[in-house]
Amino acid sequence: MNIINRLELEQMKKNIPPFKAGDTLRVHVKIVEGDKQRIQVYQGVCIKRTNNGLGSTFTVRKISGGMGVERVFPLHSPTVEKIENLMVGRVRRAKLYYLRNLQGKAARIREKRTA
């Protein structure tokens with residue numbers, strides 16, 4: 001195995017829950033303000049996931065004050081404390097960019113039911 005690949009494997013997180021585009025996530029993010037540190041929760045729909053080893057990212061979209069806000073999180077970053085999967089969405093696409101043009105009830109995603 002290559003030395004670079006071995007170093008990347010050591011730095012990757014192991015406790016990431018399985019999720020995909022369409023899932024509703026709650027992301028706990030570490031915020032540093034001066035010398036204080038706190039955890040802020042960001043909850044929304046995952047519209048994109050990019051798998052690229054240590055450089056993997058995912059994008060979460062939420063509606064805040066009537067305006068859509070998207071945030072890109074590095075998957076293996078130390079600032080991402082925890083990821084919770086609240087709901088598994090029933091979608092047929094890998095990238096949900098069409099949600100940017102929808103509002104209100106039209107932007108809802110159905111929940112995937114399991115038996």
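Quick notes on this structure:
- Strands (runs of 3 or more DSSP E) contained entirely in segment 16-115, each with at least 2 residues that are more than 11 Å from the chain's Cα centre (by Cα), of a type in the set (Asp, Glu) and farther than 28 Å from Ile4 by Cβ: none
- Residues that are touching a Phe, Trp or Tyr at 6+ places or on another chain (Cβ under 8 Å), touching a residue at least 40 places away in the same chain (Cβ under 8 Å) and not charged (D, E, K, R), drawn from segment 47-78: Ile47, Phe73, Leu75
- Segment 79-115, residues that are farther than 17 Å from Thr59 by Cβ, without any contact (Cβ under 8 Å) to a residue 60 or more places away in the chain and not basic (Lys, Arg): Glu81, Gln103, Gly104, Ala106, Glu111, Thr114, Ala115
- With respect to (1) modelled with pLDDT under 95; (2) of a type in the set (S, T, N, Q); (3) under 19 Å from Lys30 (Cα atoms), the lone exception for Thr59 is condition (1).
- Just one of the listed residues (Arg49, Arg38) is surrounded by 10 or more Cβ atoms within 10 Å (Cβ to Cβ) and charged (D, E, K, R), and it is Arg49.
- Output for segment 31-58, where each listed residue is among the charged types (D, E, K, R) and within 28 Å of Val88 (Cβ to Cβ): Lys48, Arg49
- The residues of segment 58-84 that are of a type in the set (Asp, Glu) and either within 27 Å of Asn101 (Cβ to Cβ) or loosely packed, with under 13 Cβ neighbours inside 10 Å (or both) amount to a single one, Glu70.
The values are calculated or read from the model by the stated rules, or taken from the named source; none is laboratory data. As the structure is a computational prediction, the values presented were derived from the model and not from experiment. So basically every Cβ, Gly included, is an ideal-geometry build from the backbone, and we count neighbours across all protein chains shown.
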